[in-house]
Structures are given as structure tokens and as C-alpha cells.
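Trainee: Below you'll find the structure I mean.
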């Protein structure tokens, strides 16, 4: 078996099961398009096998990232078993990172203590102040989840758990981003990620056909408004971590982007469903892109399947518009899921938000460059 320096696995221990019914959930859309929509809960045997295989595969670093659905529904004992298995199969010299993306609903003191003691990085989904959050993130009975999520955030703070706020950007929240940003500042949430909502597969990306859909014009305005406030805080000596802007600054100083969507091509991803089925990307957990099963196939076999399906190769297509664009080294045509398919129905073409990125970079580039120079001077 050939080894590699690092490996990152995105694991769905509860498949698409969730205790919320968020209107914009892209994974609920993906499940509807599969022959077997949900895969139940991950068994102890499957968990043990994937931990063992992952730790045998690497020489330096393994990241186990848990998402859903809602991954906490697998239960706290599932994660206790995870840490036991990591200790059991740790060959020595391997760095292990654990993270979990959660809506926060089931978190309590027992969870918070475990997450702190085992050094989990938590991504907590919060779409802003109460009215904005509850617009889309609701319980099955239609009631809002804001108060429960805010309680979870305060609990994580009390137990000193490292966490980021994950905010899905919709048509409505894009218009109110300055108020949302101020709310996060008031709450002391200085680690932030903003994720543009994803339209269902049958909808044209960026068309604004659904109430929550983002058009390029609205996304451009969102980026500019958020950047203005974020830059002002940086100038005032109160920096806030913003994953998108930090990655663009990183590119300007010659660093590879940490965000997959900024690479220009799809990277090696491993998404593992509850039954052990493996897929090349969280946005393509679909039957036609299945790479194999962690219980039956080696990583080498599944990588050969990835090549056979041309998943990465298809993402290498660079539209003519990009080749002559001043901003391509920063934009790199964005995430594959945001690109309009060509006539063959498989090859990703131009990013639906191309005009938004052009508008934003023309507006913000001098300040991005200023910040990049400051980073280089600081030797960061």
C-alpha cells in the first residue's frame, strides 16, 4: 500500500438524518436524487475500519471531519469510541485532528466537556440574529432554532471549545449582512465562515429562482458590504477571521488556498456515508459518483475509480473568459458546483458568479493587496 503525507475524511455518521428542516439544505436535495436516500447510522465496525485504514495510509496527518445531516445524532458514545480507536491504531508520529459541523441542538455540558477534552474543532451553524436565523433554520414543527443555537454557542465558550460560526448566505441575509456582522461582533464571534447557499440540482445556479437563491448581483453586494466592515475592523486593530477573505489574501502572498473551492480544480476528497459508501465531494454524494465502499475497497482502488469517472479531470476545464481575465489568479473560476454545465451535461463551464467576483475584486483589490503586504511584512 502506498502512503501519503496527509489524509482528510469527511464522515456522515448519521447520513442525512437531522433534527432541523432547513429550507436550503443541499444534502436533503442530494438524498432525493439517490436510489437509497438515507443510509441509517454508521456501525461500530465501519467506524473502526475507516479509522484503521486512514491511519495506515498516512505518514503525518489525518483529519476526521464529521458532518451530516446532523452528526451529533450518532450519539456521544460514537465519538467516545472514535477517540478510543484513534488511540488503538495510532502508530506513533501521526497527528490526528477531529472536527464536527453541527446545528448545536443536542449539545449539553457532557458534549461540551468531551469536545474540549478531545480537542475537537466545532463548526456551529448560525445564520445571524434571531429573525434572520429562523427564516430558514427551523424545527420540523416550524418553530425557530435560534435560541437553542445561541445557548450552544455560549456553552462552547464556557467550556473553552474552539469553534467557528458557519453562516449560509441567502438572498435575504445578503441584504442584511452588515447587521448580521454587527450581531456576531456583539456576541464576540470572531471566527466566521460565510457559505453561499446552493440551489438544488434542477435549478439554474444563481438564477434567483427560489426565495433564498443568490443572484450574482446580490452576491457581489454582499461581498463588498462585508469586506468594508471587515477591513474597517482590521484597520482599527480588531481583526476578525473570515475564511473567504483570508484565503484570497493567502493567494496574494503565495500560499495555496485552504478552501477547496479556491483551488481552481477539484482536490482529493473522501466523503464517507454511514454505510461506508465513498464519494469524491460533499456536493456530489450521488449514485453516479460513487467511488466504492470503505469496507470493501482500498484507497488505491477508489482513486482509480475517481480517475475513471474523470471527476477531477472534468474540473480542469478553463473557459475562454477565464483565460483572459485579470482576476483569474484569485478567482480560479470558483467551486465546480457553482459552474454552469456545458452542452455535454458533465463538463463544468463558467462560474455562475463570475460577474460578482469581477465586481468585487475591482472594488476591493487595493485593500486586499494592502493587507497582503502587511502579512508579508509581519512574516505571517
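Any read-out appearing in this document is the output of simple, stated calculations on the displayed coordinates, not a laboratory observation. Nothing here was measured: the structure is a model prediction, and the numbers come from that model. Heads up, the Cβs are rebuilt from the backbone with ideal geometry, glycines too, and the neighbour counts pull from every protein chain shown.
Trainee: To the nearest 500 deg cm²/dmol, what mean residue ellipticity at 222 nm is calculated for the chain from DSSP H runs of n ≥ 4 alone, each contributing -39,500 (n - 2.57), summed and divided by the residues? List each step's numbers first, then the result.
Mentor: Numbers: 15 runs with 159 residues, N = 380.
Calculated from helices alone, the mean residue ellipticity at 222 nm is -12500 deg cm²/dmol.
Trainee: Right, another one. Order by neighbour count: 325, 335, fewest other Cβ atoms within 10 Å first, most last.
Mentor: Working: 325 17, 335 22.
Least to most surrounded, the residues fall as 325, 335.
Trainee: Sticking with this one: What does DSSP give for the stretch 165-284 in terms of the percent of beta bridges that are antiparallel, rounded to the nearest 5? Walk me through the numbers on the way to the answer.
Mentor: Numbers: 2 of 9 bridges.
Counting only bridges with both partners in the stretch 165-284, antiparallel ones make up about 20 percent.
Trainee: Let me ask something additional. Going by C-beta contacts inside 10 Å, put 30, 217, 110 in order with the fewest on the left. Kindly include the intermediate steps, with their values, before the conclusion.
Mentor: Details: 30 20, 217 15, 110 9.
In order of increasing Cβ crowding within 10 Å: 110, 217, 30.
Trainee: Kindly identify the stretch 168-214 as rounded, prolate or oblate by the Cα gyration tensor criterion: order the square roots of the eigenvalues as a ≥ b ≥ c, call it rounded if a/c is under 1.5, otherwise compare a/b with b/c, prolate if a/b is larger, else oblate. Could the numbers behind the result be given before it?
Mentor: Numbers: a/c = 4.67, a/b = 2.40, b/c = 1.95.
Prolate.
Trainee: Do you know the relative contact order of the stretch 1-153, to the nearest whole percent, from alpha carbon pairs under 8 angstrom that are 6+ apart? It would help to have the intermediate numbers written out before the result.
Mentor: Working: 243 pairs, mean separation 41.9, N = 153.
Worked out over the stretch 1-153, it gives 27 percent.
Trainee: So for the pair residue 202, residue 186, with labels modelled 7 Å out along Cα→Cβ, what separation do we get in nm?
Mentor: My value for the distance between the label points is 4.1 nm.
Trainee: Then there's this: Quick one: Cα centre-to-centre distance for the stretch 109-139 and the stretch 306-333, in angstrom?
Mentor: What the calculation gives is 34 Å, centre to centre.
Trainee: Next up: Would you mind putting 5-17, 354-366 in packing order, based on average other-beta-carbon counts within 10 Å, highest first?
Mentor: 5-17, 354-366
Trainee: Where Rh is the Kirkwood radius over the Cα pairs of the stretch 29-144, the temperature 10 °C and the viscosity 1.306 mPa s, what D in µm²/s does Stokes-Einstein return?
Mentor: Rounded to a whole number, D works out at 98 µm²/s.
Trainee: Now a separate question. Sort the chain into rounded, prolate or oblate with this rule: let a ≥ b ≥ c be the square roots of the eigenvalues of the Cα gyration tensor; rounded if a/c is under 1.5, and if a/c is not under 1.5, prolate when a/b is larger than b/c, oblate otherwise.
Mentor: rounded
Trainee: Another question about this same structure. Under the rule a/c < 1.5 gives rounded, and otherwise a/b versus b/c splits prolate from oblate, where does the stretch 203-274 land using the Cα gyration tensor?
Mentor: On the way: a/c = 2.15, a/b = 1.14, b/c = 1.88.
The shape class here is oblate.
Trainee: Below 8 Å between Cα atoms, with a sequence gap of 6+, how large is the relative contact order for the chain in percent?
Mentor: On the way: 654 pairs, mean separation 62.5, N = 380.
Here the relative contact order equals 16 percent.
Trainee: Please report the equivalent ellipsoid semi-axes of the stretch 74-207, computed as sqrt(5 x eigenvalue) of the Cα gyration tensor, largest first, in whole Å. The partial results should precede the final answer.
Mentor: Details: eigenvalues 180, 65, 45 Å².
Working from the Cα gyration tensor, I get semi-axes of 30, 18, 15 Å.
Trainee: Name all residues of the stretch 186-212 having a backbone nitrogen under 18 Å from the label point set 7 Å from the Cα of residue 229 along its Cα→Cβ direction, giving them as ranges.
Mentor: 186-197
Trainee: Right, another one. With an 8 Å cut-off on Cα pairs and a minimum separation of 6 or more residues, tell me the relative contact order of the stretch 280-371 in percent.
Mentor: Working: 65 pairs, mean separation 18.1, N = 92.
Once normalised by length, the contact order is 20 percent.
Trainee: A further question on this structure: Quote to one decimal, in nm, the extra length available between residue 298 and residue 44 on full extension: 0.36 nm per residue of separation minus the C-alpha distance between them.
Mentor: Length gained between residue 298 and residue 44: 89.5 nm.
Trainee: I've got another one for you. Based on alpha-carbon centroids, what's the gap between the stretch 156-222 and the stretch 29-89 in Å, whole number please?
Mentor: For the stretch 156-222 versus the stretch 29-89, the Cα centre distance is 27 Å.
Trainee: So, one more: Indicate, rounded to the nearest 5 percent, the antiparallel portion of the DSSP beta bridges found entirely in the chain.
Mentor: Values: 7 of 38 bridges.
Antiparallel bridges make up about 20 percent of those DSSP assigns within the chain.
Trainee: Ordered by packing density, taken as the mean number of other Cβ atoms within 10 Å over each peptide's residues, highest first, how do 53-66, 129-142, 272-285 rank?
Mentor: Working: 53-66: 18.4, 129-142: 16.5, 272-285: 22.4.
The packing order, highest mean first, is 272-285, 53-66, 129-142.
Trainee: Residue 287 to residue 308: extension gain in nm, 0.36 nm per residue of separation minus the Cα-Cα distance? Display every interim value, and only then the final one.
Mentor: Details: separation 21, 0.36 × 21 = 7.56 nm, distance 1.47 nm.
Between residue 287 and residue 308, full extension yields an extra 6.1 nm.
Trainee: Provide the percentage of antiparallel DSSP beta bridges, counting only those with both residues in the stretch 74-195; round to the nearest 5. Numbers along the way, then the final one.
Mentor: Details: 1 of 13 bridges.
Taking every DSSP beta bridge with both residues in the stretch 74-195, the antiparallel ones total about 10 percent.
Trainee: Ranked by Cβ crowding within 10 angstrom, fewest neighbours first, how are 125, 207, 324 ordered?
Mentor: Fewest-to-most Cβ neighbours within 10 Å comes out as 324, 207, 125.
Trainee: Which semi-axes, in whole Å and largest first, does the equivalent ellipsoid of the stretch 221-314 have when worked out from the alpha carbon gyration tensor as the square roots of 5 times its eigenvalues? Don't skip to the end; give the middle numbers.
Mentor: Numbers: eigenvalues 273, 37, 28 Å².
Ellipsoid half-lengths, sorted descending, are 37, 14, 12 Å.
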